[in-house]
Each structure stands twice: as structure tokens, then as C-alpha cells.
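See structure below.
The values are calculated or read from the model by the stated rules, or taken from the named source; none is laboratory data. Given the structure is predicted, the values throughout are model-derived calculations rather than measurements. Don't worry about glycine lacking a Cβ; one is built from the backbone with ideal geometry, like all the others, and counts go over all protein chains shown. Each accessible area value is taken on the protein alone, full model and side chains, heavy atoms only, with ligands, DNA and RNA left out. Shrake-Rupley method; radii C 1.70, N 1.55, O 1.52, S 1.80 Å.
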Amino acid sequence: MRLLPLFAAITLSLSVTATHAEDAPTPARVAVRAAHLVDPQSGQLRDNPVVVIEGERIVEVRYDGQAPANAKLIDLGSATLLPGLIDCHVHLTGDPGEIKGDYYEAILKRSSIDSAILAPIYAKRTLDAGFTTVRNLGAGDYVDVALRNAIDHGDIPGPRMLVSGPPLGATGGHADGTTGFSPWITFNGIDGVADGVDAIRHRVRENVKNGADVIKFMASAGVLSAEASVGAPQYSQEEMNAIVDEAHRWGKKVAAHAHGAEAIKMAIRAGVDSVEHSSLIDDEGLKLAKQHGTYLDFDIYNDDYILAEYAKKGFPASTVEKERMVGRVQRENFQRAVKAGEKLAFGTDAGVYPHGWNAKQFAKMTQWGMTPMQSIQAATVNAADLLGIKEKAGAVAPGYYADLVAVNGEPLKDITQLEHVGFVMKAGAVEKNELSR
Ligand code: ARG
């Protein structure tokens with residue numbers, strides 16, 4: 001009963017907001033003009049594009065270079081436009097820059113409050129790099145939910161986020177931060193450790209309740225965690241089935257971290273929507289992914305950074321050794337997946353390497369078998385399909401969010417141009433503009 005006045009107040013403020021909305025003037029039109037547009041839907045480079053925007057959406061795309069008279073023109077000159085980029089695997093609540101040569105200090109002296117303070121900086125770097133949508137696959141204490149909400153409310157700048165909350169994982173596995181410590185050391189806070197079907201179903205429901213858009217779980221061991229294996233399965237088939245069944249019933253997609261061939265196949269059989277890393281996938285795994293329509297994410301830039309920097313950051317030699325076991329094979333398997341015509345989405349695991357460097361992965365993808373257009377499709381139309389937002393993001397077309405980026409020159413000739421995005425618009429708002437004259 002004591003809650004009643006509160007509800008009354010909320011109802012009142014909602015009706016006030018509604019009245020304001022009715023009075024709002026129709027949004028002014030904006031036209032963005034450039035020399036070219038990379039259109040991932042058709043796989044074509046189009047000339048003389050003019051994108052007409054009303055509010056947060058695109059209302060018209062024309063190819064005559066003519067801006068409508070009633071629109072405010074943003075002229076990007078000789079630049080090339082693309083849809084805002086999408087990274088399907090980031091961790092905006094951490095950055096390797098925070099680990100200053102002392103691995104144990106980073107683990108033992110920091111909490112989610114430190115993450116929450118720094119995350120907006122990484123969100124802004126990511127947006128400025130041209131990524132207008134990201135899927136954040138794993139964060140403790142629901143810091144990712146708070147970050148997404150602050151961005152959605154317009155409190156801070158950042159990419160549109162789909163978030164998982166704490167990733168599910170087995171005791172002693174890749175999601176269990178206490179592995180490798182004395183049994184007397186425990187950490188306070190919310191993580192996703194859950195064993196057995198009932199506990200797993202409960203954990204999925206808790207993540208949904210607390211605001212997760214997607215469910216992430218650790219199907220296999222990992223590189224940057226303390227287990228000896230890099231790819232062994234860490235859940236039984238029954239447990240993986242339960243995660244997917246539960247998540248899908250609540251209308252949430254599932255992303256499975258998996259390096260090892262067996263864990264990848266178990267996750268695909270369970271019905272996950274994407275496999276993250278996919279490092280040691282075998283022929284049977286590639287075949288299964290195709291049969292099930294499973295997206296594969298290969299974070300194939302990571303290896304360069306981990307091998308160059310992580311020993312200096314004080315990570316155990318065994319971790320760097322594990323990276324050596326997967327890095328090169330992962331790239332070779334990426335190439336096999338491209339040849340096999342798998343469904344591939346762009347996911348970098350940024351946060352393992354610095355935020356804002358996301359686009360460095362494009363060059364790796366073209367070096368290992370993709371055309372520049374395919375690599376851009378992985379980060380636009382395919383990524384939007386995986387995220388379940390393909391009707392509103394990942395393309396430049398009427399009805400879509402006005403998420404636009406632009407680069408100088410022609411990225412289809414030199415994909416590294418995407419590492420130097422000079423213009424970013426998210427949902428009709430200009431976030432960065434170094435190009436317009
Ligand atoms: N977060 C991943 C893990 O710890 C990073 C793997 C990076 N290595 C790679 N070759 N993609 O397992």
C-alpha cells in the first residue's frame with residue numbers, strides 16, 4: 001500500500017510527458033551528401049548519394065547529388081559513406097590500458113566501480129571509431145546494463161548497446177574470476193557462475209530480469225583465464241541445452257564463447273545464435289554451423305595485441321602460451337569458414353585490446369580471405385541480422401536509423417581507411433565531423 005503514491009506519481013509524470021510529445025514540432029530534415037556510398041545490402045558502391053534524415057531515421061536515399069531544398073545540408077565532399085558499423089563482441093567495461101604491468105594489482109585492487117567510472121570513455125572511443133552499435137558480451141555487476149541505459153537516455157555519448165550482463169559459466173571455468181587463487185579468497189559482487197540445469201535456468205532468468213538483451217555463456221575454456229586448457233568444454237550438453245532453451249523462451253538470443261572444436265559443436269547443437277572466437281572449429285563444426293544457420297564470430301585481430309603486450313602487463317606465461325596455441329589456427333580457420341560460405345559476423349572482443357581500435361580487424365579479415373565488401377557486410381548487414389535488428393540498423397535505407405559513418409578515399413580499395421573514420425552520425429545526431437566543408 002505504501003507504494004501507491006509512488007505509482008500515482010509515475011502515472012502523472014508519464015501523462016505529462018505524453019502531452020509534451022504531442023506538442024513537439026516535426027523534426028527538421030537533414031541531408032548528408034558524399035561522393036560515394038558503400039551499400040552492403042546490394043554489395044555495390046553507389047555514386048553521388050544524398051541521405052535524407054528526419055529525426056532519428058532515414059527517410060530517403062537518392063543518387064543524384066541533389067539535396068532537397070527544405071533540408072539542412074551536411075556536405076562531406078569527396079568522402080565515402082557507409083552505414084554505422086556494428087561490433088558483435090566488445091567489453092566496454094574494461095580496457096588493457098588499465099593493466100599497468102601488474103596483473104595481480106589489476107585483479108585485486110579494482111572493482112566494478114572502477115569499471116563504471118571508465119566505461120563511458122571507452123563507449124565514446126568506440127562511437128568515434130565509427131561503431132554506432134555494439135553487443136557487449138560480458139560484464140560483472142550489470143555495469144553494462146547501466147551503461148546502455150545512460151546512453152539510451154542521452155546522458156552520455158556512446159554506441160547503441162545490446163548487453164548480456166554477467167556471462168554464465170561453470171565453477172572453475174572461464175567466467176569464474178576466483179580460479180587460481182587460494183580457496184579462502186572470494187570476491188563480492190554479481191557474476192554468472194552457475195552449475196547444473198536448475199541453477200543455470202535461474203541464472204538466465206536473473207539476467208533477463210536485470211536487463212540483459214542477450215545471454216552469453218562460456219561453452220569452453222579460454223585464453224585470459226586461469227584454467228590449463230584453452231578449449232575444453234566447460235558445460236555438459238544438457239547444461240548448454242538448458243541455457244538456450246531458457247533464453248529463447250524469454251525471447252533472448254544466445255552467444256557462446258568457444259575455442260575448442262568439441263565445445264563449438266556442442267554449443268551449435270544446443271542451438272546458440274552465435275559462436276564467439278570459433279578458434280579451433282573443425283570440418284564437422286563448419287558443417288553443423290551451416291545446417292543450424294549459426295553465426296560465427298572470429299576475433300582475429302586480438303592475437304597480435306596479446307602476443308605483443310600481455311607478457312609486459314604481467315600476465316602469466318601460461319596465458320601467453322595458450323594464445324600461441326589458438327591465434328594462428330584461428331586465422332586459418334577463419335579463412336576456411338569464408339571459403340565454406342559460413343554466416344560470419346564482425347566481433348572483435350575489444351576490451352582485450354584497446355577500445356577504438358575495433359576497425360583494425362577489417363584488414364585481418366581481408367588478409368585472411370574476405371573481400372573488403374564481405375568484411376564490411378560482416379560488420380553491417382550480417383551483424384544486424386545476428387543482433388535481431390536488421391530492419392533498422394546495418395544499412396542505409398528508408399526507415400533505418402540514421403547511423404552513418406564516412407571516410408576519406410575508397411575503403412573498398414584500401415580497407416584500412418576504416419581505421420580513420422572522420423564522420424559519425426548516430427540516430428540522426430552528429431557525433432563527430434572532421435570532414436564537412
Ligand atoms: N577473451 C578471449 C579469451 O580469453 C580472448 C581470446 C583472444 N585470442 C584470440 N586468438 N582470439 O579466451
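Can you name every residue in segment 400-419 that is open to solvent by less than 40 Å² (accessible area, probe 1.4 Å) and either in a helix (DSSP H, G or I) or at positive phi (or both)?
409, 415, 418
Collect the residues in segment 281-311 that are in contact with a helix residue (DSSP H, G or I) (Cβ under 8 Å, 6 or more places away or on another chain), away from the ligand (no atom under 12 Å from the Cβ), open to solvent by 30 Å² or more (accessible area, probe 1.4 Å) and among the hydrophobic types (A, V, I, L, M, F, W, C), keeping them in residue-number order.
The one that is in contact with a helix residue (DSSP H, G or I) (Cβ under 8 Å, 6 or more places away or on another chain), away from the ligand (no atom under 12 Å from the Cβ), open to solvent by 30 Å² or more (accessible area, probe 1.4 Å) and among the hydrophobic types (A, V, I, L, M, F, W, C): 311.
Residues are listed down the side, and each one gets a yes or a no for (1) within 18 Å of residue 261 (Cβ to Cβ); (2) open to solvent by 40 Å² or more (accessible area, probe 1.4 Å); (3) more than 16 Å from the ligand (Cβ to nearest atom):
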position	(1), (2), (3)
313	no, no, no
318	no, yes, no
326	yes, no, no
337	yes, no, no
351	no, no, no
354	no, no, no
358	no, no, no
372	no, no, yes
385	no, yes, yes
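Being of a type in the set (A, V, I, L, M, F, W, C) and in contact with a Ser or Thr (Cβ under 9 Å, 6 or more places away or on another chain), is that true of even one residue in segment 241-253?
Within segment 241-253 (the criterion being of a type in the set (A, V, I, L, M, F, W, C) and in contact with a Ser or Thr (Cβ under 9 Å, 6 or more places away or on another chain)), the answer is no, since none of the residues qualifies.
Restricting the search to segment 291-313, which residues are out of contact with any Lys or Arg (no Cβ under 9 Å at 6 or more places or on another chain) and in a loop (DSSP other than H, G, I, E, B)?
Correct list: 299, 310, 311, 312.
Within segment 119-142, can you find the residues that are open to solvent by 50 Å² or more (accessible area, probe 1.4 Å) and either more than 23 Å from residue 192 (Cβ to Cβ) or aliphatic (A, V, I, L, M) (or both)?
Correct list: 121, 124, 125.
Applying the selection to segment 235-258, what residues are open to solvent by less than 60 Å² (accessible area, probe 1.4 Å), more than 23 Å from the chain's Cα centre (by Cα) and not small (Gly, Ala, Ser)?
Of everything in segment 235-258, those that are open to solvent by less than 60 Å² (accessible area, probe 1.4 Å), more than 23 Å from the chain's Cα centre (by Cα) and not small (Gly, Ala, Ser) turn out to be 235, 237, 239.
Only one residue in 194, 221, 256, 175 is of a type in the set (A, V, I, L, M, F, W, C) and away from the ligand (no atom under 13 Å from the Cβ), so which one is that?
194
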